[in-house]
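Data block below; observations after.
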Amino acid sequence: MIYSIVAIGDPVLKTKAKNLAPALPAAELQTLIADMFETMYYAHGVGLAAPQIGKGVRLFVMDSGRWWRWTRKTAKRARSWSRP
């Protein structure tokens, strides 16, 4: 399931996220994580926090492999941008 990414100003982004409930069924958590990855890839991102999709819990997913491939391809350009 692809979630909508909430916009700046949404109350969920201003509220402190809660810890995941210990009683949360593993299947439900796995589904949420899979949906977050699907949403992140759909948005062409490398990371996504649960509050960004309207969920007020402390959960974050990322694909560092996508970032690593991007930085390796642009490493020369990235180094030049960091120099004064």
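If you go through the range 1-23 and keep only what is out of contact with any Ser or Thr (no Cβ under 6 Å at 6 or more places or on another chain) and of a type in the set (Val, Ile, Thr), you end up with 5, 6, 8, 12, 15.
Answer yes if at least one residue in the range 7-23 is touching a Phe, Trp or Tyr at 6+ places or on another chain (Cβ under 9 Å) and not aromatic (Phe, Trp, Tyr), and no otherwise. Write out each step before concluding.
Just the residues of the range 7-23 that are touching a Phe, Trp or Tyr at 6+ places or on another chain (Cβ under 9 Å), to begin with: none.
No, the range 7-23 contains no residue that is touching a Phe, Trp or Tyr at 6+ places or on another chain (Cβ under 9 Å) and not aromatic (Phe, Trp, Tyr).
Applying the criterion of at least 1 residues that are surrounded by 15 or more Cβ atoms within 10 Å (Cβ to Cβ) and at pLDDT 90 or above to the helices (runs of 4 or more DSSP H) found wholly in the range 2-83 leaves 11-14, 26-42. Quick one: how many residues across the range 28-50 are without any contact (Cβ under 8 Å) to a residue 24 or more places away in the chain and among the charged types (D, E, K, R)? Adding up the residues that qualify gives 1.
The values are calculated or read from the model by the stated rules, or taken from the named source; none is laboratory data. Just so it is clear, the model here is predicted, and its values are computed rather than measured. Because the Cβ atoms are built from the backbone with ideal geometry, glycine has one as well, and the counts that use them run over all protein chains shown.
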